[in-house]
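Have a look at the structure below, then the notes.
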Amino acid sequence: MRYVTAGESHGPEEIAVIEGIPAGLHITQEDVNQQLARRQKGYGRGDRQKIETDQVTFLTGVRHQVTLGSPITLNVHNDDHNNWSKIMAPNTPANDENTLRKVLRPRPGHADLVGGIKYRHHDLRNVLERSSARETTMRVAVGAVAKKLLSEIGVDVHGFVVNVGPAKTDLAQLEQYKTLAKLREVTESFDTRTLDQATDDEIKTVIDQTKKNANTVGGTVQVMATGMPVGLGSYVSADTKLDAKIASAIVGINAFKGVEFGGGFGNAEKYGDQVMDEIFWSEEKGFYRGSDNLGGFEGGMTTGGAIIVRGVVKPIPTLYRPMQSVDIDTHQDHKASIERSDTTAVTAAAVIAEAMVAIELAKAVLDKFDADNIERMKEQVAVYRQETQQF
Ligand code: EPS
């Protein structure tokens, strides 16, 4: 499976093309729209989300709500394009009117300056339109297809918020949830997508204060996946390690600056016997672990335990009280450009990280098993699960 996305933030359309999804997978636009709606939700988002109601259309690769095995094209219209139709017109030559709203004062921390230098763009709008996190709409759409595929083999994936700035939930609470479905019910009930009411309140206070200060704030999200067969990915070469692919996918999300698995960076302060997940065996389960400090991976391969990944999201670089910058035309000192933005997008980032993990897990499944047809793939997964459980 591979995919590509295309689209500018205020351009007419967002598009994704996915290749390698087996024939015979039942999928509806509603399956994707539900995930798109989750990404749009969240305390601290700016006014753009009031303009957009993201709805997908399948343009190719699906017939009567069933995949054909051919490339799937997904399309989401940018409703805000109506307000930018001249400035972002793909087919009209540049003129005095449609080159207004130039961006000349790059925002520190955004792709603006380096993107401008690299591509020789003297209007930094040409950079920000694509580097905008609007593009993550399509990653979530692709992730929805991946999640649907994974659900066929009993794999569930869910993302939630650990902290926003100093307001942090206690991850020990996770022990009470036997399934991700139960966890999902709880975290999706909060506007901040965190684990408990007290943290939800604290996060809202942090966001309100940050907004008052014309500032932005980052955070951490956690993604968990259950039901993966043992042994996906491989230890044999660096580029076959599945945890490495997931790490790359997480850091590839706009504003993500760090990633960790299981006990993560905390493991660096512990001793070996506090970190390794001890091995047990039972007739019913086969081999299993007593803990999950390594986040479901050993040697770059799934252990069969829950996958636990956290990603660190930096604060959004667009500040309403802008930082120091330099005008790219005059080279004079200037405050950075102000663009409409969010105070925080950590709540949305949890859904995007979930989508990226789902995409990498789906790719790993499709690499390992015959992926021409979904029923055949399921049969093969079942045979493999039986074999590995009897080891
Ligand atoms: C973004 C800036 C804002 C966000 C946008 C990401 O866009 P606008 O300038 O249109 O208000 O709303 O995020 C989305 C549009 C989205 O759907 O998540 C940026 O510069 O990255």
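Structure notes:
- Förster-model FRET efficiency, 41 Å R0, Asn373 and Leu100, C-beta, rounded to 0.05: 0.20
- Heavy-atom accessible area order for Trp84, Trp281, largest first, 1.4 Å probe: Trp281, Trp84
- Over the chain, volume per residue of the alpha carbon convex hull, in Å³: 157 Å³
- The overall shape of segment 174-253, judged from the alpha-carbon gyration tensor, is oblate: a/c is not under 1.5, and a/b is no greater than b/c.
- Inter-label distance, nm, simple model (7 Å from Cα along the C-beta direction), Glu13/Lys270: 4.9 nm
- Note that the chain presents 48 Å² accessible area per residue, ligands and nucleic acids not counted, probe 1.4 Å.
- Segment 1-67 - Kirkwood radius from inverse mean 1/r over Cα pairs (Å): 13.8 Å
- Label point at Thr330 placed 7 Å out along Cα→Cβ; residues across segment 82-122 whose backbone nitrogen lies under 20 Å: 100-108, 113, 122
- Computed on segment 248-391, the Cα convex hull volume stands at 191 Å³ per residue.
- Computed label-point distance, nm, for sites Asp239 and Ser85 using a 7 Å Cα→Cβ extension: 4.6 nm
- Using a probe radius of 1.4 angstrom, the carbon and sulfur fraction of the accessible surface of the chain is 52%.
- The stretch between Asp208 and Val383 holds 57.7 nm of extra length on full extension. This uses 0.36 nm per residue minus the Cα-Cα distance.
The values are calculated or read from the model by the stated rules, or taken from the named source; none is laboratory data. All figures in this text were calculated on a predicted structure; none of them were measured in a lab. Quick reminder, even Gly has a Cβ in these numbers, built from the backbone with ideal geometry, and neighbours come from all protein chains shown. Note: accessible area is taken over every heavy atom of the protein model, side chains too, but ligands, DNA and RNA are not part of it. Shrake-Rupley method; radii C 1.70, N 1.55, O 1.52, S 1.80 Å.
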